[in-house]
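The values are calculated or read from the model by the stated rules, or taken from the named source; none is laboratory data. All values derive from a computational prediction rather than experimental measurement. We work out accessible area using only protein heavy atoms, side chains counted, and drop any ligands, DNA or RNA first. Shrake-Rupley method; radii C 1.70, N 1.55, O 1.52, S 1.80 Å.
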Amino acid sequence: MLKNVKTASILVVLLHASLAVAQTKAAKPSAVGVCKMDMKQSKFGSQPPPKSGTLTILKDTRDAMAWRYEEVDATGKSSTLSWSGPLDGSMQDMKAADGQVPGKQSMKRDGDFMLRHVEVPNVGTFDSRVTTSADGNTFTDVVTAKTQDGKTATDTVVFQRVAGAKPDSK
C-alpha cells in the first residue's frame, strides 16, 4: 500500500509537471525547455510536497509532446518519469527510469489549456488543466485526483521556466 501511495504522490506531481508542458496555441512559443517547480506558489493539499521538481519539455509540436520529470520527494528519494505521445487524448505509457510503466496518460489541447488524464492501476485517476502565463514562463497545473475508494483532492503546482536552460535528452 505504501508503494502505491508513493507512486500516486509521484504521479500527481508528474501530472502537474507534464501539464505545464505545452498547452498553447500554435502562435505561442514552444514550451521546450527546463522548468523548476515553484514551491512557494504551489499548493499540495493531498500529500507532503516534494523537496524539488524539474520538468524538462523535450518536444512540443502542434500534434505531439514529450517530457521528463525528475523529483526529490518529501523523504529525499529521487525518481524520474517520462511520457511521449500524440496530443489527441489517447492513452500512452508513462515510463519510470527503470523502464517500468506505472501508469498511462493522455494529453490534448483545449484552446489555451492543456488537458491531461492519468490512470494508475491500484491507485486512482488524475485529471489536470494547465494554463500558461502570457510571457510563456509560468505554467500553473491544477490537478484533481480521485483514489480507488472515491476520495478526491486538488493540488495546484506552479512551474517557472529556467532562463537559458536547454533540455538534454538523457
Rounded to the nearest 10 Å², the accessible area of Val120 using a 1.4 Å probe with every protein chain kept is 10
In the structure shown, of Lys40/Lys146; Lys77/Lys151; Lys59/Lys108; Lys104/Lys166, the pairs separated by more than 22 angstrom at the C-alpha atoms are Lys40/Lys146; Lys77/Lys151; Lys104/Lys166
Judged on accessible area alone, 1.4 Å probe, highest first, Arg109, Arg62 line up as Arg62, Arg109
